[in-house]
Amino acid sequence: MKFTLTLISFLSAFILLTANSHASDIIIDPNGVDMGQYQADLNECVAISEQVDSKAGSTAVKGAVVGGAVGASRGNSDQAKQDAGVGAALGLAKGASATNQEKLTVQKNCLTNKGYTVLN
């Protein structure tokens, strides 16, 4: 039982760490680009991407509901609580990953709109 919770916690942390996208992950064609201006534009695009609403909370709640329902279907309230916790942890990790990916997409679109050729 504790092993399962430890494993789920580890997997959630791993997903959060590996799925975290950064502006430094963006690759542009540097041909003819003033890198000083690019850095200023990138900073502006990163600031704009902070407007993306976090999806972590809502997916954690959905995960908890699904996990609790699965546990309750087994007829054990302790199992329902454990499954709800596992579902919430996985939902939190999934939501954080989705939020980070959306922020990166906003940054890439912003740079493209500013005239840069985004290669990835």
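Only the coordinates and a few stated rules stand behind these numbers; no lab work does. Predicted, not measured: the structure shown is a model, and the values here were computed from it. Using ideal geometry, Cβ is built from the backbone for each residue, glycine included, and neighbour counts are taken over all protein chains shown.
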Sorted by chain and then number, the residues having a modelled amide H within less than 5 Å of the amide H of residue 28, at least 5 places away or on another chain, are 119
Here segment 110-120 yields Karplus 3J(HN,Hα) values (6.51, -1.76, 1.60; θ = phi - 60°; whole Hz; Gly and Pro given as x) of 4, 5, 4, 5, 8, x, 7, 9, 8, 9, 10
Here the gain from full extension of residue 37 to residue 114, 0.36 nm per residue of separation minus their alpha-carbon distance, amounts to 26.6 nm
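Taking R0 as 22 Å, what FRET efficiency do you get between residue 29 and residue 102 from their Cβ-Cβ distance, rounded to the nearest 0.05?
On the way: r = 24 Å, r/R0 = 1.08.
My answer for the efficiency is 0.40.
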